[in-house]
Amino acid sequence: MAAPGGASLDLGELASWARRMAEEERRHASEMKKMASRLHHPVLRALFTAIATDSEKHAVFYESLAELAENPQPGITEDDLEMIRSTIEEHIREEAEAVERVRKLLETVDDPRMKVILSALASDEATHHAILLAVKKDIASRETISEQDVWDAVWRDSPWKGSPGG
Ligand SMILES: [Fe+2]
Ligand SMILES: [Fe+2]
């Protein structure tokens, strides 16, 4: 499927492409999930379920891209910020504890099948932790914040940004 782009970006084209991609991801997710649920081995079931869940996540990413293309100024409401503030604190604490335990186990267990699961957990939770911490530091703890501040902060620390060696 041809992706939009080139010299001049057509936002309408971007939006409809992203909506098509979202549908494709949802179809992949449900096929993969169906297959995974029939697998007998717990590790294989876990891995394919994880890919299916990631596809669902990608569908949401594509949908948010489409929404942005259709409405470039959605605005961050005080309600949004309040919900985030009241929810992330406990998650950050609990996930940090879990990650520590998972990393210790990773050093202790020899079973390669358990290692696969533990290392997937460790890397996912490290990503969650980095995002939640960035949000907490730059968004939740400030009195006033502009949208530009939010995106600068999240982009700067984003584990999704990707950079050489990181
Ligand atoms: Fe995907
Ligand atoms: Fe998590």
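The values are calculated or read from the model by the stated rules, or taken from the named source; none is laboratory data. In this text, all values refer to a predicted model and were calculated from it rather than measured experimentally. In this analysis, Cβ positions are derived from the backbone assuming ideal geometry, glycine residues included, and neighbour counts consider all displayed protein chains.
Would you call Leu106 touching a residue at least 24 places away in the same chain (Cβ under 8 Å) and closer than 21 Å to Thr127 by Cβ? Taking the combined requirement at face value, the residue does not satisfy it. Suppose we filter Ile145, Ile131 for residues that are on the phi < 0 side of the Ramachandran plot, of a type in the set (Val, Ile, Thr) and not in a helix (DSSP H, G or I); which single one remains? Being on the phi < 0 side of the Ramachandran plot, of a type in the set (Val, Ile, Thr) and not in a helix (DSSP H, G or I) holds for just one of Ile145, Ile131, which is Ile145. In segment 82-103, the residues that are more than 16 Å from Glu125 (Cβ to Cβ) and among the basic types (Lys, Arg) reach residues that are modelled with pLDDT under 90 and surrounded by fewer than 14 Cβ atoms within 10 Å (Cβ to Cβ) with C-beta atoms within less than 9 angstrom, at least six apart or across chains, in these pairs: Arg85/Ser141. Considering the conditions (1) in contact with a His (Cβ under 8 Å, 6 or more places away or on another chain); (2) outside the structural domain of Leu132 (by TED's automatic domain parsing), Ala96 is excluded by exactly one of them, (2).
The residue list Arg45, Arg19, Arg27 contains one member that is of a type in the set (Lys, Arg), within 16 Å of ligand 1 (Cβ to nearest atom) and touching a helix residue (DSSP H, G or I) at 6+ places or on another chain (Cβ under 7 Å), which is Arg19.
Here is a yes/no grid of residues against (1) loosely packed, with under 15 Cβ neighbours inside 10 Å; (2) over 30 Å from Leu47 (Cα atoms); (3) of a type in the set (S, T, N, Q):
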position	(1), (2), (3)
Ser64	yes, no, yes
Leu68	no, yes, no
Asn71	yes, yes, yes
Ile117	no, no, no
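Of the candidates Glu70, Glu63, the single residue that is over 30 Å from Pro112 (Cβ atoms), within 15 Å of ligand 1 (Cβ to nearest atom) and touching a residue at least 12 places away in the same chain (Cβ under 8 Å) is Glu63.
Inside segment 73-89, can you point out the residues that are loosely packed, with under 14 Cβ neighbours inside 10 Å and among the charged types (D, E, K, R)? Break it down into steps so the answer makes sense when it comes.
Narrowing segment 73-89 to residues loosely packed, with under 14 Cβ neighbours inside 10 Å: 73-75, 77-80, 82-83, 86-87, 89.
Passing the criteria: Glu78, Asp79, Asp80, Glu82, Glu89.
Scanning segment 66-83 for residues that are more than 22 Å from Ser146 (Cβ to Cβ) and under 18 Å from the mean Cα position of the chain (by Cα) yields one hit, Ala66.
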